[in-house]
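Enquirer: One structure, as structure tokens, below. Some questions next.
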Amino acid sequence: MRWKAAILTASDRGVQREKEDAGVQIIREMVEEDLNGTVVETRIVPDEMDEITAALIEMVDYYDADLILTTGGTGLGPRDVTPEATARVIERRVPGIAEAMRAAGLQHTKQAMLWRGICGIRGRTLILNLPDHPKWVYVGLAAVLDILPEGLQCLTAADDTP
């Protein structure tokens, strides 16, 4: 099966084109090459709770994404609100995925303890928060990439039940 993925970047500087979002290209390549997915939407929004929330809902409801990968807004800064926005829209948490990503990051740096990303489900869509630095995007996603098809299959298999 070819999974439909959406990528959401939360970044004030990215919206203003002050910062290149290299993490998005890493996510795109990993989704397309390693997950056998198609990226159906890519968007940059400011670090604003309501804008992140609205974008996530639209990616689920309008783009019908199986998987949404966010990048940015997961640190300790006062405007880092991606986990809180994600918590607003998900119906159930999947803590093991976020824990595995943090554990992978800890193999490289203790700063991984400061990453606050979460993972959860809205409808039949898996939403996963990634850090904003390209290196940590890769480390985090690589840590869970092999389990994502199983999780996505579980979510979409519910469509096949009477």
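Enquirer: Which loop-located GluC sites (Glu not before Pro) does segment 68-162 contain, where loop means any DSSP state but H, G, I, E or B and the Cβ has at most 15 other Cβ atoms within 10 Å? It would help to have the intermediate numbers written out before the result.
Expert: Details: sites: Glu84, Glu91, Glu99, Glu150; in loops: Glu91.
Here the GluC sites (Glu not before Pro) that fit, given the DSSP loop and packing criteria, are Glu91.
Enquirer: Out of Leu114, Leu126, Gly72, whose Cα points farthest toward the positive end of the dipole of the chain (charges: +1 Lys, Arg; -1 Asp, Glu; placed on Cβ)?
Expert: Toward the positive end, the furthest listed residue is Leu114.
Enquirer: Okay, moving on. Could you give the dipole magnitude of the chain about its Cα centre, charging the beta-carbon of Lys and Arg +1 and that of Asp and Glu -1, in debye to the nearest 20?
Expert: So the magnitude is around 460 debye.
Enquirer: Compare the Cα positions of Trp3, Leu152, Val137 along the charge dipole of the chain (+1 at Cβ of Lys, Arg; -1 at Cβ of Asp, Glu; about the Cα centre) and return the one farthest towards the positive end.
Expert: Val137
Enquirer: Whose amide H sits under 5 Å from the amide H of Thr9, counting only residues 5 or more places off or on another chain, with H placed in the peptide plane?
Expert: Those qualifying (amide H under 5 Å, at least 5 residues apart or on another chain) are Arg43, Ile44, Val45, Thr71.
Enquirer: Is segment 67-162 rounded, prolate or oblate when judged by the Cα gyration tensor, a ≥ b ≥ c being the square roots of its eigenvalues, rounded requiring a/c under 1.5 and prolate requiring a/b larger than b/c?
Expert: Verdict is oblate for segment 67-162.
Enquirer: In the Gaussian network model of the chain, springs joining C-alpha atoms below 10 Å, which of Ile26, Ile147, Ile118 carries the largest mean-square fluctuation?
Expert: Ile147
Enquirer: Could you tell me which of rounded, prolate or oblate describes segment 1-72, using a ≥ b ≥ c as the square roots of the eigenvalues of the alpha-carbon gyration tensor, with rounded for a/c under 1.5 and, failing that, prolate when a/b is larger than b/c and oblate otherwise?
Expert: Oblate, because a/c is 1.5 or more while a/b does not exceed b/c.
Only the coordinates and a few stated rules stand behind these numbers; no lab work does. Given the structure is predicted, the values throughout are model-derived calculations rather than measurements. Please note: Cβ atoms are built from the backbone with ideal geometry, for glycine as well, and neighbour counts cover all protein chains shown.
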